[in-house]
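Single-structure report; data block below.
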Amino acid sequence: MLYKIPLLLTPQPEGGFTVTSPLLPELITEGNSVDEVLVNARDAFEAVLEVYEDLGKELPHNLQSVDQNSPALIETIISTR
């Protein structure tokens, strides 16, 4: 299943980013680059899903699942040279 999750990337003084989600306070990770952050955020989200399932906790109602066959609006960060 695909989910649309808001992520907040906070730059760190030593480099890289800390990643959190306003919808899922349990989702916290970091990465040295945007590419690494996205991989780590997916892993963190999968861990959060597992915890929610184990506790019988429902996901926030405003967390959107996305159909693979429907268009989805996303925002991204693109680096230029």
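FYI, it's all coordinate maths here, none of it is from the lab. Nothing here was measured: the structure is a model prediction, and the numbers come from that model. Every residue, glycine among them, receives a Cβ derived from its backbone with ideal geometry; neighbour counts consider all protein chains shown.
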LEU24 fails exactly one of (1) part of a loop (DSSP other than H, G, I, E, B); (2) aliphatic (A, V, I, L, M); (3) in contact (Cβ under 8 Å) with a residue 40 or more places away in the chain, namely (3)
Does any residue in segment 52-81 that is closer than 22 Å to GLU26 by Cβ come within less than 8 Å, Cβ to Cβ, of a residue that is surrounded by 10 or more Cβ atoms within 10 Å (Cβ to Cβ) and aromatic (Phe, Trp, Tyr) six or more places away or on a different chain, and which pairs are these?
-> GLU58/TYR52; LEU59/TYR52; LEU63/TYR3; GLN64/TYR3; SER65/TYR3; VAL66/TYR3
Search segment 40-81 for residues being part of a loop (DSSP other than H, G, I, E, B) and among the β-branched types (Val, Ile, Thr), and hand back the single one that is surrounded by the most Cβ atoms within 10 Å (Cβ to Cβ).
-> ILE77
Boolean, GLU30 is assigned to a loop (DSSP other than H, G, I, E, B) and farther than 16 Å from LEU59 by Cβ = no
Tally of residues being closer than 14 Å to TYR3 by Cβ and in contact (Cβ under 8 Å) with a residue 24 or more places away in the chain across segment 27-51 | 4
Would you please name the residue that is farthest from GLU50 (Cα to Cα), looking only at residues in segment 1-27 that are hydrophobic (A, V, I, L, M, F, W, C) and surrounded by fewer than 14 Cβ atoms within 10 Å (Cβ to Cβ)?
-> LEU8
